[in-house]
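Take a look at the structure below.
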Amino acid sequence: MVLPKRIVAGIQSVGHRVIDSIWRLGYASRFFLLTLIKSGTSLRRFTLVIRELYFTGVQSLIIILMSGLFVGMVLGLQGFETLQRYGAESAVGTMVALSLLRELGPVVSALLFASRAGSAMTAEIGLMKATEQLAAMEMMAVDPIARVVAPRFWAGVISMPLLAALFSAIGVYGGYLVAVILIGVDEGSFWSQMQNAVDFHYDVVNGIIKTCVFGIAVTAIAVFEGYDAAPTAEGVSGATTRTVVTSSLAILGLDFILTSFMFRGMG
Amino acid sequence: MSESLIEIEGLNFSYGQRPVLKGIDMMMGRGKVIAIMGGSGSGKTTLLRLIGGAVRPTSGYVKVAGEVVHKLKRDELFRMRRKMSMLFQFGALFTDLSVFDNVAFQMREHTDLPESMIRDLVLMKLQAVGLRGAHELMPGQLSGGMARRVALARSIALDPLLIMYDEPFTGLDPISLTVIGNLIRRLTDTLGMTSIIVTHDVQESLKIVDYVYFIADGVIAAHGTPDEVRRSVAPFVHQFVHGEEDGPVSFHYPARPYAQDLKLEGGFA
Amino acid sequence: MQRATMDLWVGLFVMAGIGALLVLALKVGNLGTYSASDSYQVTGNFENIGGLKVRAPVKSAGVVVGRVTDIQFSTETYDALVIMNIDSRYKFPKDTFASILTSGLIGEQYIGLAAGGDEAALKDGDTIMKTNSALVLEEMIGKFLFNKASEGSSSENSDKN
């Protein structure tokens, strides 16, 4: 059977793409390992990490806090709307808290982090590569991975859980604002039902674990894309886009995997 | 021949299948300023990267101070790199550090000197390039010429044996051109270094260099002292030095016959 | 940006983050209200645990006095073995009744303890002997229908007579 040339070429290009992606994944994993191995400098000269913590964490605070507040408020509104039909509006606190702690907190804050801090990291490292700053560093016998990449990586990993906790906390408060202050759900039942339903080990800790995993994934992707970017304007902008897209897919995929492990149903 | 800091023999380098440098032989003496000239994409920058050990040759070798560069192990290479500096085309200053911190960078990373001593050294280096007063500025606030001078100060921070300049004259105004040219000559003589300038600015470089190599199509097309080069009748050298429009490097990109493109011959398409 | 200011902001950020974590753990979650350390363990065998789940509360007179920590199937007695931790502050007599009750009509299930009169108290590792299984809705309905049917037939018989 002789296939027409176009189809053969099409299959070949798909094959190329797949092999390229796998090759790139291998390269990225090796890079990730290198970053971990060369993290000694980040620990010894912690000021480098602190500087990056400022740019990654502190400067993401505004978007995280505002988004958390709004998400919490919307949850309160929607939750009340739906629960009211079943006469269970006092459970709105539980609903807001569980949604935030288990899913929305880790996932949405990770997505926001990837878009804001992750893309900034990629652009910064990519730009340093394009303006030959990384090459200059190498020529000065300073390892750019140890000095530029690793501190940013650890800053991201540390920031992520903190930001997610802030997101969830302010989200719960947002739900409280809407449900109790605005709508008039009983304050006592709001908090007590929540406390009864939310279990520290099951919900809070699992949420934190998710956040840490997301933090590692997003930051690793961000620094890799920056380091691997083509040293041109299009190269850097393409890398930034790839960071956001790949991070988002990774977050959602990992979320599914983690959720299916963690929340199999009690008993 | 112990006068030579750099010996290059039979150097070949290819990017994948494409050969960039073919059979290069060069000898560069200590304390000299040497220019490597050629058209864009002729492999000049690759040559610098081979000397610095950033890439490995396909065959042949580069010897710096008697050691074969691509045979060095990682820490030996790092040690060697501290003896050489590279000045990148647009300075490549670290944009998040001030001028002072840029020049101090290598001192802080590689030495245990106290801050007071580093401060004095940095100001001395900046004084040598005439920018001591600018030490608190950020790279974004500098003009092109100033940025390159700061990069030069940064390159001489640890008193290297060798500095490689990648297109130091590109995009500068006439005053800055003279300043940079004179600085390169003066620093080489004062510090006893060797300077390799990769450039295609003929006029400025011929004023200050001791020896010139021309690279075309990956091989050394010609070499000699500035006077020899100016007097040369070799076609490529002549075209390059005198800036002629057409010669060995042709004006027209290879194309089909003009008439055929305009569809004047051979009937209708 | 001066180093000192940056350090200050980063410090505040980290503290705020940890603070948020604490708020989530204590106010939103139930970490403060339950400490696993001061408790003793008792077990009970139930014919049917219904919808009882691990971490369900153990209540007496409506007050939470402990938690269910594990539910297993016992191949010796072929019934359910429920292991629970009771807060050390509360001592229960050895003849306490343990029943599986439901909060509300279709809410989640918990273990209710009704104290007996024995002077000796339950100790760590003891077994509650008197247990009432969960009321399974289907069995109840089946029993109800059966009763109704037998009532009907007995009144029929008495009518005939």
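Here is the result for region A:1-73: no trypsin sites (Lys or Arg not before Pro) lie in DSSP coil with at most 11 other C-beta atoms within 10 angstrom of their C-beta. Among A:Glu132, B:Glu76, the order by Cβ neighbours within 10 angstrom, fewest to most, reads B:Glu76, A:Glu132. For the protein assembly as shown, the 222 nm mean residue ellipticity estimated from helices alone, with every DSSP H stretch of n ≥ 4 adding -39500 (n - 2.57) and the total spread over all residues, rounds to -16000 deg cm²/dmol.
Highest GNM mean-square fluctuation among B:Ala157, B:Ala92, B:Ala259, for chain B modelled with Cα contacts below 10 Å: B:Ala259.
Of all lysines in the structure, those lying under 27 Å Cα to Cα from B:Lys125, and not within fewer than 8 positions of it along the same chain, are A:Lys129, B:Lys32, B:Lys83, B:Lys207. Peptide C:7-19 has a mean of 6 when you count, residue by residue, the C-beta atoms of other protein chains within 10 Å of its C-beta. Beyond 32 Å in Cα-Cα separation lie the following of the pairs B:Lys22/B:Lys73; C:Lys53/C:Lys91; C:Lys123/C:Lys143: C:Lys123/C:Lys143.
Shielding value for A:186-194 is 1, the average number of Cβ atoms from other chains within 10 Å of each residue's Cβ. Dipole magnitude for chain A: computed about the Cα centre from +1 point charges on Lys and Arg Cβ and -1 point charges on Asp and Glu Cβ, it is near 860 debye. Pick from A:Tyr27, A:Tyr227, A:Tyr176: which residue has the top mean-square fluctuation in a GNM of chain A where Cα pairs under 10 Å get a spring? So, out of A:Tyr27, A:Tyr227, A:Tyr176, the one fluctuating most is A:Tyr27. Shape summary of region B:111-189, radius of gyration then Dmax from alpha carbon positions: 12.9, 40 Å. Based on Cα atoms of chain A, Rg over Rh with Rh as the Kirkwood radius reads 1.09. Packing order of peptides C:71-82, C:12-23, highest average first: C:12-23, C:71-82 (average count of other Cβ atoms within 10 Å over each peptide's residues). Dividing the mean sequence gap of close Cα pairs (under 8 Å, 6+ apart) by how many residues region C:39-141 holds gives a relative contact order of 35 percent. Sequence-distant contacts, meaning Cα pairs under 8 Å at least 6 residues apart, place the relative contact order of region A:38-262 at 35 percent. For the residues of A:46-55, the average number of beta carbons from a partner chain within 10 Å of their own beta carbon is 4. Overall dimensions of the protein assembly as shown, expressed as equivalent-ellipsoid semi-axes from the Cα gyration tensor (√(5λ), whole Å, largest first), are 76, 31, 23. Overall form of region A:3-90: oblate. Here a/c, set by the Cα gyration tensor axes a ≥ b ≥ c, is 1.5 or more, and a/b is not larger than b/c. Applying the Karplus relation 6.51 cos²θ - 1.76 cosθ + 1.60 with θ = phi - 60° to region B:179-194 yields 3J(HN,Hα) values of 4, 4, x, 5, 4, 4, 5, 5, 5, 4, 5, 5, 8, x, 8, 10 Hz, where x marks Gly and Pro. Under a model in which nothing but the beta-carbon of Lys, Arg (+1) and Asp, Glu (-1) is charged, region B:80-153 shows a dipole of about 360 debye around its Cα centre. Each Cα pair under 8 Å and six or more residues apart adds its separation to the average, and for region A:145-232 the resulting relative contact order is 55 percent. Who wins for biggest fluctuation among A:Leu69, A:Leu182, A:Leu166 in a Gaussian network model of chain A, springs between alpha carbons below 10 Å? Fluctuation is largest for A:Leu182.
Placing +1 on the Cβ of each Lys and Arg and -1 on the Cβ of each Asp and Glu in region B:8-60, which of B:Ser59, B:Leu21, B:Gly41 has its Cα farthest towards the positive end of the resulting dipole? Of B:Ser59, B:Leu21, B:Gly41, it is B:Gly41. Look at A:Lys210, C:Lys27 and count the other Cβ atoms within 10 Å of each Cβ; fewest to most, that gives C:Lys27, A:Lys210.
Look at where the Cα atoms of region A:125-196 and of region A:45-102 average out, and the two centres are 12 Å apart.
Counting only trypsin sites (Lys or Arg not before Pro) that sit in a DSSP loop (anything but H, G, I, E, B) with at most 10 other Cβ atoms within 10 Å, what is the longest stretch of chain B containing none of them? Don't skip to the answer; put the middle values down first.
On the way: sites that count: B:Lys73, B:Lys263.
Here the longest run is B:74-262.
Between the listed residues C:Ala149, C:Gly11, C:Leu22, the Cα displaced farthest toward the positive end of the dipole of chain C, a dipole computed from Cβ unit charges relative to the Cα centre, is found at C:Gly11.
No value in this document is a laboratory result; all are computed from the given coordinates. Here the structure is a predicted model, which means the values were calculated and not measured. FYI the Cβ positions are ideal-geometry reconstructions off the backbone, even for glycines, and counts take in every protein chain you see.
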